[in-house]
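Novice: If you scroll down you'll find the structure; I have some questions about it.
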Amino acid sequence: MRIALAADHAGFALKDELARWLSELGHQVADLGTDGTESVDYPSFGAKLAEAIASGEAERGIAVCGSGIGISIAINRNSACRCARVDEPLSAALAREHNDANVIALGARLVGSDMARAIVVAFLQTSFAGGRHQRRVDLLSPQLQDSD
């Protein structure tokens, strides 16, 4: 799978760890930065990840900041993205199954390495259920709402 990762300074270490691990598992990983712990603005990195999803460069995205909140808001500014901020595997699975989330956001200050990996596994292995959920996901798209 083609997976894009992005983080701010607070999420840098966890993002790097996940990028290495996902590469070892055989995924194509696009690391969109940041590349260190020097303070940066999370909206810039959220926008980079959102563009990678919108352009088709990546099928899924993983974003990391201190809490996961700010970067998830930045990503969701792009209508091609459905980013869910999650703290445990069940939420990641439900975000995929019910909401067709194509990006997850993690809080590096809130989840440890083992939990982050479990969340990512759930996110990558869960399929969108479609059915009644598709109608709801369609309502999230401004393009579809304008055509009605």
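Novice: Scanning for something hydroxyl-bearing (Ser, Thr, Tyr) and touching a residue at least 60 places away in the same chain (Cβ under 8 Å), does the stretch 105-113 turn up at least one residue?
Specialist: Restricting attention to the stretch 105-113, the residues satisfying the condition of being hydroxyl-bearing (Ser, Thr, Tyr) are 113.
Narrowing further to those that are touching a residue at least 60 places away in the same chain (Cβ under 8 Å): 113.
Yes, the stretch 105-113 contains at least one residue that is hydroxyl-bearing (Ser, Thr, Tyr) and touching a residue at least 60 places away in the same chain (Cβ under 8 Å).
Novice: Inside the stretch 101-144, can you point out the residues that are among the acidic types (Asp, Glu) and modelled with pLDDT under 95? Steps first, answer last, please.
Specialist: Initial filter on the stretch 101-144 (among the acidic types (Asp, Glu)): 114, 138.
Hit for the stretch 101-144 is Asp138, nothing else.
Novice: Among the residues of the stretch 13-40 satisfying the criterion of being in contact (Cβ under 8 Å) with a residue 40 or more places away in the chain and of a type in the set (A, V, I, L, M, F, W, C), which is farthest from Arg60 (Cα to Cα)?
Specialist: Among residues in the stretch 13-40 that are in contact (Cβ under 8 Å) with a residue 40 or more places away in the chain and of a type in the set (A, V, I, L, M, F, W, C), the one farthest from Arg60 (Cα to Cα) is Ala13.
Novice: Restricting the search to the stretch 82-106, which residues are over 15 Å from Gln134 (Cα atoms), in contact with a helix residue (DSSP H, G or I) (Cβ under 7 Å, 6 or more places away or on another chain) and outside any helix (DSSP H, G or I)? Before the answer, list the steps.
Specialist: The first filter runs over the stretch 82-106 and keeps only residues over 15 Å from Gln134 (Cα atoms), leaving 83-93, 103-106.
If we keep only those that are in contact with a helix residue (DSSP H, G or I) (Cβ under 7 Å, 6 or more places away or on another chain) too, we end up with 83-86, 88-89, 92-93, 103-106.
Scanning the stretch 82-106 gives Cys83, Ala84, Arg85, Val86, Glu88, Val103, Ile104, Ala105, Leu106.
Novice: Residues in the stretch 115-123: is at least one crowded, with 19+ Cβ neighbours inside 10 Å and part of a strand (DSSP E or B)?
Specialist: Filtering the stretch 115-123 for residues crowded, with 19+ Cβ neighbours inside 10 Å gives 116, 119-120, 122-123.
Going one step further and asking which of them are part of a strand (DSSP E or B), we end up with none.
So far as the stretch 115-123 goes, no, none of its residues is crowded, with 19+ Cβ neighbours inside 10 Å and part of a strand (DSSP E or B).
Novice: If I ask for residues that are surrounded by 17 or more Cβ atoms within 10 Å (Cβ to Cβ) and under 20 Å from Arg117 (Cα atoms), which ones from the stretch 62-81 would you list?
Specialist: To start, the set of residues in the stretch 62-81 that are surrounded by 17 or more Cβ atoms within 10 Å (Cβ to Cβ) comprises 62-68, 70-72, 74-76, 78, 81.
Those that are surrounded by 17 or more Cβ atoms within 10 Å (Cβ to Cβ) and under 20 Å from Arg117 (Cα atoms): Ile62, Ala63, Val64, Cys65, Gly66, Ser67, Gly68, Ile71, Ser72.
Novice: Let me ask you something else. Considering each of Ser23, Ser67 in turn, give the residue that is part of a loop (DSSP other than H, G, I, E, B), more than 16 Å from Phe123 (Cβ to Cβ) and at pLDDT 95 or above. So that I can check it myself, show each step before the final result.
Specialist: Details: Ser23 fails: part of a loop (DSSP other than H, G, I, E, B).
One residue alone meets the criteria, Ser67.
Novice: For residues that are of a type in the set (A, V, I, L, M, F, W, C) and closer than 17 Å to Ala6 by Cα, scanning just the stretch 83-100, find the one that is surrounded by the fewest Cβ atoms within 10 Å (Cβ to Cβ). Don't jump to the end; show me each part of the working.
Specialist: Looking only at the stretch 83-100, we keep the residues that are of a type in the set (A, V, I, L, M, F, W, C), and these are 83-84, 86, 90, 92-95.
Within this subset, residues satisfying the condition of being closer than 17 Å to Ala6 by Cα are 83-84, 86.
Values: Cys83: 28, Ala84: 21, Val86: 25.
Here the residue is Ala84.
Novice: Would you confirm whether any residue within the stretch 39-57 is under 20 Å from Leu25 (Cα atoms) and either in contact with a helix residue (DSSP H, G or I) (Cβ under 7 Å, 6 or more places away or on another chain) or at pLDDT 95 or above (or both)?
Specialist: As a first pass, look at the stretch 39-57 and keep what is under 20 Å from Leu25 (Cα atoms): 57.
Subset that is either in contact with a helix residue (DSSP H, G or I) (Cβ under 7 Å, 6 or more places away or on another chain) or at pLDDT 95 or above (or both): 57.
For the stretch 39-57, residues under 20 Å from Leu25 (Cα atoms) and either in contact with a helix residue (DSSP H, G or I) (Cβ under 7 Å, 6 or more places away or on another chain) or at pLDDT 95 or above (or both): present.
The values are calculated or read from the model by the stated rules, or taken from the named source; none is laboratory data. This one's a predicted model, so the numbers in the text were calculated from it and none came from an experiment. Ideal geometry is used to build each Cβ from the backbone, glycine not excepted, and the neighbour counts take in all protein chains shown.
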